[in-house]
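Have a look at the structure below before the remarks.
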């Protein structure tokens, strides 16, 4: 904590006022990154898109997040091997709830199979638009960004939507 306080030009006691340990601080940082990468205004605007555009925009936001912040992939990888029960899940937070709510509306309109749980659909979309970054380097993804975006979007739409034809 001393190094963090020093690098931040603040007193260590101020950090401890808000975070009882380095682990709590680390979890707060992860939570902020994972839960706030979509601006509320942008999420509100997305809710007015048609189903296909919504899915593509959501996947594009994930791609751009990881391309601009490659260390987030490392952070998620480290989190997966942490033994702490305090790890941060992408299944919490306002943006996740709003995405799930929007997908529920699309499901009521017949854009998503009725037997798919909206919570699962949300997780499915987010995890599938993230997994590519665990196995390919950022340079490759940047070079093939449009191709990968189109392929992942079509795969997700084909899996979730009875009306999608790629």
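Just a few scattered comments:
- Angle of helix 94-108 to the longest C-alpha principal axis of the chain, folded into 0 to 90 degrees and rounded to 10: 10°.
- For a label point 7 Å along the Cα-to-beta-carbon line of residue 69, residues of the stretch 96-115 with backbone N under 17 Å: 96-97
- Two-site label geometry, residue 97 and residue 32: point separation in nm, points 7 Å out along Cα→Cβ: 2.1 nm
- Helix 51-68 and the longest principal axis of the C-alpha atoms of the chain enclose an angle of approximately 30°.
- With only Cα atoms counted, the stretch 107-151 has Rg and Dmax values of 13.9, 39 Å.
- Note on the chain: with a GNM built from Cα contacts shorter than 10 Å, the maximum mean-square fluctuation among 16, 113, 123 falls on 16.
- Distance (nanometres) between label positions extended 7 Å along Cα→Cβ at residue 109 and residue 18: 3.9 nm
- 76, 10 arranged by Cβ crowding within 10 Å, fewest neighbours leading: 10, 76
- Axis angle, to the nearest 10 degrees, between helix 145-160 and the longest C-alpha principal axis of the chain: 60 degrees.
- Rh by Kirkwood over Cα pairs, then Stokes-Einstein D for the chain at 1.567 mPa s and 4 °C, µm²/s: 74 µm²/s
- When the chain is treated as a Gaussian network with alpha carbon springs shorter than 10 Å, the biggest mean-square fluctuation among 48, 111, 17 belongs to 17.
- Largest GNM mean-square fluctuation among 47, 151, 107, using the chain with Cα springs under 10 Å: 151.
Throughout, read-outs are computed from the coordinates displayed, never taken from laboratory work. Small disclaimer: the values here were computed from a predicted structure and weren't measured. Every residue, glycine among them, receives a Cβ derived from its backbone with ideal geometry; neighbour counts consider all protein chains shown.
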